[in-house]
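Encoded as structure tokens, the structure appears first; notes follow it.
The values are calculated or read from the model by the stated rules, or taken from the named source; none is laboratory data. What you are looking at is a predicted structure, and each value in this text was computed from that prediction instead of being measured. Using ideal geometry, Cβ is built from the backbone for each residue, glycine included, and neighbour counts are taken over all protein chains shown. These accessible areas exclude ligands, DNA and RNA; they are computed on the full protein's heavy atoms, side chains included. Shrake-Rupley method; radii C 1.70, N 1.55, O 1.52, S 1.80 Å.
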Amino acid sequence: MSEELAPGPKESPPAPRAGPREVWKKGGRLLSVLLAANVLLLACTLISGGAFNKVAVYDTDVFALLTTMMLLAMLWILFYLLRTVRCPCAVPYRDAHAGPIWLRGGLVLFGICTLIMDIFKTGYYSSFFECQSAIKILHPVIQAVFVIIQTYFLWVSAKDCVHVHLNLTRCGLMFTLTTNLAIWMAAVVDESVHQSHSYSSSHSNASHAHLASDQRAGNPVGGDSCLCSTAVCQIFQQGYFYLYPFNIEYSLFASTMLYVMWKNVGRFLASAPGHSHTPSPLSLFRETFFAGPVLGLLLFVVGLAVFIIYEVQVGGGGGRTRQALVIYYSFNIVCLGLTTLVSLSGSIIYRFDHRAMDHHKNPTRTLDVALLMGAALGQYAISYYSIVAVVAGTPQDLLAGLDLTHALLMIAQHTFQNIFIIESLHRGPPGAEPHSTPTKEPCQNLTFTNLDAFHTLPACPPTPRLVSPSPADQREAVAIISAPRSQWRRRCLRDISLFLLLCNVILWIMPAFGARPHFSNTVEVDFYGYSLWAAIVNICLPFGIFYRMHAVSSLLEVYVLS
């Protein structure tokens with residue numbers, strides 16, 4: 001009776017149930033990739049065709065396609081939020097590494113800037129509503145709604161590992177990702193066309209540029225009613241072009257998060273024993289030598305001053321552009337040189353670090369590494385084009401020498417910084433030791449030739465501690481001796497991470513907020529021609545800006561892991 005009344009052991013909560021494993025996961029992924037490839041190629045064809053005046057593809061056609069894609073993507077997102085995730089056991093797992101707070105916070109920040117851009121664009125096209133197509137006003141309104149819905153969707157669902165509606169979810173995620181890439185490409189092309197028209201206007205060719213613009217947009221030639229002549233209209237026009245970089249970054253951030261969600265569809269998660277690490281509360285100046293944060297803050301403040309001077313002198317025109325370029329290139333050369341040396345010193349410190357490498361499967365970390373390597377290609381391309389233009393070009397002056405040094409250091413800095421960050425992300429948390437060989441018991445090495453004597457022997461007596469210490473005591477003694485050196489290495493790595501983080505922030509702020517020495521310096525423009533050079537810069541530079549943002553987030557994670 002007492003046995004019946006005795007309380008039993010406390011039951012643990014049941015583990016989340018997931019559906020049966022897919023028979024062929026790669027088949028569902030292949031279907032979604034094929035869908036995305038075809039839609040993206042169609043969008044690329046229309047967007048690139050609309051950029052040329054001789055092709056009979058107008059802006060209205062591009063806007064109609066993008067509006068249709070955003071509407072379809074919004075329908076799927078609403079279906080996912082209202083139907084898919086409410087199914088029983090729809091999301092049995094959530095990836096802790098996916099959708100970190102810095103990525104979602106950046107998405108919200110760039111999303112707000114994109115909403116402001118859409119307001120400016122709506123106001124700009126509404127200024128001459130009589131001679132514009134309705135799709136030009138409808139497009140920014142639909143884009144604003146799309147940004148709001150997609151940002152909420154990614155904020156609440158970025159960590160989901162969905163196990164229902166698998167193929168539909170994969171196709172929906174890939175289609176939404178393709179929509180963001182199409183929006184990014186349209187923004188890049190529109191900004192390139194705007195810069196080309198501005199360059200033509202500044203060279204006394206304003207009438208021709210306006211005529212080409214009217215023909216490309218499908219407006220009647222000579223329609224003076226479509227001129228942006230009022231002050232409010234010009235503010236709207238300059239405002240939304242100024243905010244294009246934020247729209248471009250929003251599309252890249254959203255595409256990154258959607259790709260991680262696509263990889264996690266149908267994924268089964270299992271915690272790896274011995275590799276769970278809970279980071280301590282973040283404190284930016286805890287356990288550092290203060291050299292990295294102080295030097296990084298100094299460069300950050302000096303960089304802001306250089307950026308303001310550059311914008312004022314270049315925007316004011318006159319003969320101060322050359323002086324502004326010399327100041328700008330000089331600061332960047334110093335900053336890039338220091339970050340290169342610091343990244344190299346961090347990699348050298350890792351040669352003496354005995355933490356084990358983390359080889360467990362981590363799709364988020366794999367994507368981080370791929371993004372770092374892929375986004376760096378944009379800046380590599382610009383740098384190599386600049387090197388060829390300076391070396392093969394005729395002018396060999398101070399500005400050309402600074403441009404060449406800047407391009408070479410940009411390549412070196414990206415290379416050594418990527419090596420440092422990628423190695424840091426693959427290091428285990430503090431205290432993670434390499435796999436040690438199994439220890440032997442004190443009696444394991446004893447050999448006996450007489451088995452009878454072995455049976456008559458008593459149990460192995462404990463070995464005196466002073467004579468032969470146990471392996472655990474040996475490891476403890478080694479840890480005590482090496483603790484000061486390990487602590488010194490950790491502090492150095494924290495300083496390095498903070499210094500690189502602050503330098504990447506200022507190197508992101510300058511191009512993101514409008515610094516374009518690529519066009520102020522005429523070496524590349526004269527060598528390649530404005531149209532080709534503008535296309536190269538406007539395609540590759542957004543990847544360089546995204547690289548800086550992603551490097552900042554990765555360095556923050558490196559700081560926490562150190």
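Does any residue of segment 168-191 turn out to be among the polar types (S, T, N, Q), assigned by the TED database to the domain that holds Gln238 and open to solvent by 20 Å² or more (accessible area, probe 1.4 Å)?
No, segment 168-191 contains no residue that is among the polar types (S, T, N, Q), assigned by the TED database to the domain that holds Gln238 and open to solvent by 20 Å² or more (accessible area, probe 1.4 Å).
Could you check segment 24-38 and list, in sequence order, the residues that are small (Gly, Ala, Ser) and modelled with pLDDT under 80?
Across segment 24-38, the qualifying residues are Gly27, Gly28.
So in segment 297-339, with the set limited to residues that are under 27 Å from the mean Cα position of the chain (by Cα) and closer than 21 Å to Gln238 by Cα, which one is modelled with the lowest pLDDT?
Here the answer is Glu311.
Might you let me know whether segment 360-382 holds any residue that is over 30 Å from Lys263 (Cβ atoms), at pLDDT below 80 and in contact with a helix residue (DSSP H, G or I) (Cβ under 9 Å, 6 or more places away or on another chain)?
No, segment 360-382 has no match at all.
Please find, within segment 284-294, the residue that is modelled with the highest pLDDT out of those that are open to solvent by less than 70 Å² (accessible area, probe 1.4 Å) and assigned to a helix (DSSP H, G or I). Quick ask: steps written out before the conclusion?
Residues of segment 284-294 open to solvent by less than 70 Å² (accessible area, probe 1.4 Å): 287-288, 291-293.
Next, from what is left, pick out any that are assigned to a helix (DSSP H, G or I): 291-293.
Values: Ala291: 73, Gly292: 72, Pro293: 83.
Filtering first and then ranking leaves Pro293.
Those residues that are out of contact with any Cys (no Cβ under 8 Å at 6 or more places or on another chain) and not aliphatic (A, V, I, L, M), I need them from segment 301-316; list them, please.
Phe307, Tyr310, Glu311, Gln313, Gly315, Gly316
Exactly one condition in (1) out of contact with any Leu (no Cβ under 8 Å at 6 or more places or on another chain); (2) closer than 30 Å to Phe352 by Cβ is false for Met410; which is it?
Status for Met410: all satisfied but (1).
So how many residues does segment 544-562 have that are open to solvent by 10 Å² or more (accessible area, probe 1.4 Å) and over 20 Å from the mean Cα position of the chain (by Cα)?
Summing the residues that are open to solvent by 10 Å² or more (accessible area, probe 1.4 Å) and over 20 Å from the mean Cα position of the chain (by Cα) in segment 544-562 gives 0.
Looking at (1) part of a helix (DSSP H, G or I); (2) within 21 Å of Trp488 (Cα to Cα); (3) open to solvent by 20 Å² or more (accessible area, probe 1.4 Å); (4) modelled with pLDDT under 90, which is the only condition Gly346 fails?
For Gly346, the failing item is (3).
Being open to solvent by 30 Å² or more (accessible area, probe 1.4 Å), under 30 Å from Leu561 (Cβ atoms), touching a strand residue (DSSP E or B) at 6+ places or on another chain (Cβ under 9 Å) and not basic (Lys, Arg) narrows it down to one residue among Val85, Val91; which is it?
Working: Val85 fails: under 30 Å from Leu561 (Cβ atoms).
Among Val85, Val91, only Val91 is open to solvent by 30 Å² or more (accessible area, probe 1.4 Å), under 30 Å from Leu561 (Cβ atoms), touching a strand residue (DSSP E or B) at 6+ places or on another chain (Cβ under 9 Å) and not basic (Lys, Arg).
Being open to solvent by 30 Å² or more (accessible area, probe 1.4 Å) and touching a residue at least 12 places away in the same chain (Cβ under 8 Å) is the filter here, so list the residues in segment 519-543 that pass it.
Listed by number, the residues that qualify are Phe519, Ser520, Asp526, Phe527, Tyr528, Tyr530, Ser531, Ala535, Ile539, Phe543.
Considering only residues that are at pLDDT below 90, touching a Ser or Thr at 6+ places or on another chain (Cβ under 8 Å) and not hydroxyl-bearing (Ser, Thr, Tyr), which ones fall in segment 127-167?
Result: Phe128, Glu130, Cys131, Ile135, Lys136, Ile137, Val162, Val164, His165, Asn167.
So which of Phe128, Phe146, Phe153 is of a type outside the set (A, V, I, L, M), open to solvent by less than 30 Å² (accessible area, probe 1.4 Å) and more than 18 Å from Leu78 (Cα to Cα)?
Going through Phe128, Phe146, Phe153 in turn, the sole match is Phe128.
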